[in-house]
Amino acid sequence: MSTTPTSPLVPVTPAGPDSVAAQPRVGIVVRTKDRPLFVTRALRTILGQTYPGWRAILVNDGGDRAALEAAIAADGLSGQFTNGAMTALHLPRSIGRSEAFNRGAQALDTEFVCCLDDDDTWAPGFLSQLLDLHDRTLPLVPDLGGVASLVTAVREDILDVDGKETLVALGEEDLPHSFRRNDFFLNPIAYATYRQDVYPVQWMLNRKATLDAGGFPAAFNVMEDRAFMTRFLQSWRVAMLDSKLAFHHRRVRRRGDTQQNVVLNTLDNPSYDWRLFSDLAKVPVNTPPDLDPAELRSGALMRSMAATIIKELNDETSGLWHKINGEMAALRARIEALDARIGAVDPIARTEAAPALRAWSLWDHVGEFGAGFPLGAGTPFLERLSLSMAESQPGLLMHASHAQRRCVVQVPSTGDWAALELALTDLAGAGEGLRCELIVSSTEGFLFETALSVWQRDRLGRRSHHFHDSHVHACPPGGSVRVARDFPAEFLDRTSQPKFSITLPRHALNFRLAINDLVVSRI
């Protein structure tokens, strides 16, 4: 394969508001099989995109058609398949994950293609921001084959709620450094050696270049995206947007899935043959007997040898790195526990909000000399904070020290429900979302929950309290945790009184919530 493009990829002229339907730029392949619980969420994340010039094709890889169509109808999405925005390709029998994507990409007629698996999601600005990055970069990079965003890994579980299977988010999961690099382009050798990585949910690639590269290899039932991207990067560059706009969802029970359960399966499924497909996805270092001399001169063999050498070095050093990292983490935990015992917790976490974007900060309202006073249920303090609980009780106290950068809220009994809430009213401008950053510390450790608290009216006009997008977090003993929650404008616009809710543990006695920072910024 040539190491440089044989012909430029001329971008399609962006469609205007009146011609979007006739000339969409972005095609989206959603591949699914017998997972109706997930697929409607994926379709809704497409409908939530701020960029309208897309077309989506749902490839049902031999799954139960009736069950899929019933789920789509139950979620009110059938109309999207009759107005031309979305199409469905129902395969009579399974052709595999790879060919399901390829078949969808071939059926599209767009400049770009995205791969949104049925259990993943995007932020509303995913398509628009990636298109903007592509169009700004292409004049400087003729071999630009695509763009990608950063990703957030979301832990979730499937729970029975009122007799119905429901997806419940459990918070974020840490990702390896390979997903967090700040390179502008994906590096072909770094990618081939697992020192840089992307999931399919992150990228938007030129569709013609994707098909010219062969698409996903049909023989692969896992790692197909790595095998494809390794080959794609030999000819094209992929620019990275330094923004987390993609969400890769993982089920918490996946490690117990040993039989390729269709609901739980993820890339961690141990029933897949990892070693085989992992090695097949690498740049081959073997010299084929019929190697074209032109291919040898092109440097393909040199690249594969370099990738192999770096991989070997990486394997040799990774064990030592993990050993040192583990020992450092254990030592850090012991120091933090000791600091906590003597009352001098100095949390490692720090807020990251840029000063220019801050809309509200706890320490701006505490004052230079600190503050301390009794609290009452539902009574605001420090401008926007309040305790939401059944009733006031003796011993509800608050003390904040600017010098120690520590605000403690004491609750004698949390009972069935107690939450510290921050009013978000009027903090966001028109069309703006908000990011709430919270840092808490503890000597004992505890679990807590965060959500967007809203008031809504039902069909009879009655107001009721609802919590949107609840996440569970853990504050470790003797340490701290940073929580960053993003609430898009469409969520904030659902109510006139949105609040950031921090739900305390139930039936806790003499509970103390130690806040080291609380900042709201515009996004």
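The values are calculated or read from the model by the stated rules, or taken from the named source; none is laboratory data. Computed from a predicted model, the values in this text were never measured in an experiment. For neighbour counting, all protein chains shown are included, and Cβ atoms are generated from backbone atoms with ideal geometry for every residue, glycine included.
Values as computed for the structure displayed
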read-out: Residue count, region 500-523 (criterion: farther than 21 Å from His466 by Cβ and hydrophobic (A, V, I, L, M, F, W, C)); value: 9
read-out: Search result, residues across region 474-502 that are outside any strand (DSSP E or B) and of a type in the set (A, V, I, L, M); value: Ala489, Leu492
read-out: Complete set of residues in region 62-103 that are among the β-branched types (Val, Ile, Thr) and either in a helix (DSSP H, G or I) or closer than 16 Å to Phe38 by Cα (or both); value: Ile72
read-out: Condition check for Leu233: among the aliphatic types (A, V, I, L, M), in contact with a Ser or Thr (Cβ under 9 Å, 6 or more places away or on another chain) and crowded, with 18+ Cβ neighbours inside 10 Å; value: no
read-out: Scan of region 491-523 for residues that are buried (at least 17 other Cβ atoms within 10 Å of the Cβ) and small (Gly, Ala, Ser), ordered by number; value: Ser501, Ala514, Ser521
read-out: Cβ-Cβ under 7 Å pairs, at least 6 apart or on other chains, region 29-57 side of a type in the set (Gly, Ala, Ser), far side in a helix (DSSP H, G or I); value: Ala56/Ile46
read-out: Condition check for Pro176: touching a Ser or Thr at 6+ places or on another chain (Cβ under 9 Å) and either farther than 14 Å from Leu233 by Cβ or of a type in the set (D, E, K, R) (or both); value: no
read-out: Every pair of residues 6+ apart whose Cβ atoms lie under 7 Å, when the first sits in region 374-394 and is assigned by TED's automatic domain parsing to the domain that holds Gln410 while the second is among the β-branched types (Val, Ile, Thr); value: Leu382/Val366; Ser386/Thr379
read-out: Residues of region 135-156 satisfying the condition of being surrounded by 14 or more Cβ atoms within 10 Å (Cβ to Cβ) and farther than 14 Å from Leu205 by Cα; value: Val141, Leu150, Val151, Thr152, Ala153, Val154, Arg155, Glu156
read-out: Test result for Ala192, assigned by TED's automatic domain parsing to the domain that holds Ser98, over 23 Å from Lys33 (Cβ atoms), touching a residue at least 24 places away in the same chain (Cβ under 8 Å) and in contact with a Phe, Trp or Tyr (Cβ under 7 Å, 6 or more places away or on another chain); value: no
read-out: Selection count, region 464-489, where residues are surrounded by fewer than 16 Cβ atoms within 10 Å (Cβ to Cβ) and in contact with a Cys (Cβ under 7 Å, 6 or more places away or on another chain); value: 0
read-out: Region 358-373, subset in contact (Cβ under 8 Å) with a residue 24 or more places away in the chain and exposed (fewer than 14 other Cβ atoms within 10 Å of the Cβ), residue nearest to Leu396 (Cα to Cα); value: Phe373
read-out: Of the criteria (1) in contact with a helix residue (DSSP H, G or I) (Cβ under 6 Å, 6 or more places away or on another chain); (2) modelled with pLDDT under 90; (3) surrounded by fewer than 18 Cβ atoms within 10 Å (Cβ to Cβ), which one Ile189 fails; value: (3)
read-out: Filter result (assigned to a strand (DSSP E or B), under 21 Å from the mean Cα position of the chain (by Cα) and not aliphatic (A, V, I, L, M)) within region 128-162; value: Gly146, Ser149, Thr152, Arg155, Glu156, Asp157
read-out: Any hit, region 422-431, residues being within 22 Å of the chain's Cα centre (by Cα), hydrophobic (A, V, I, L, M, F, W, C) and more than 22 Å from Gly378 (Cα to Cα); value: no
read-out: Every pair of residues 6+ apart whose Cβ atoms lie under 9 Å, when the first sits in region 123-135 and is acidic (Asp, Glu) while the second is surrounded by fewer than 19 Cβ atoms within 10 Å (Cβ to Cβ); value: Asp135/Pro11; Asp135/Pro14
read-out: Hits in region 16-34 (condition: at negative phi and at pLDDT 90 or above); value: Pro24, Arg25, Val26, Gly27, Ile28, Val29, Val30, Arg31, Thr32, Lys33
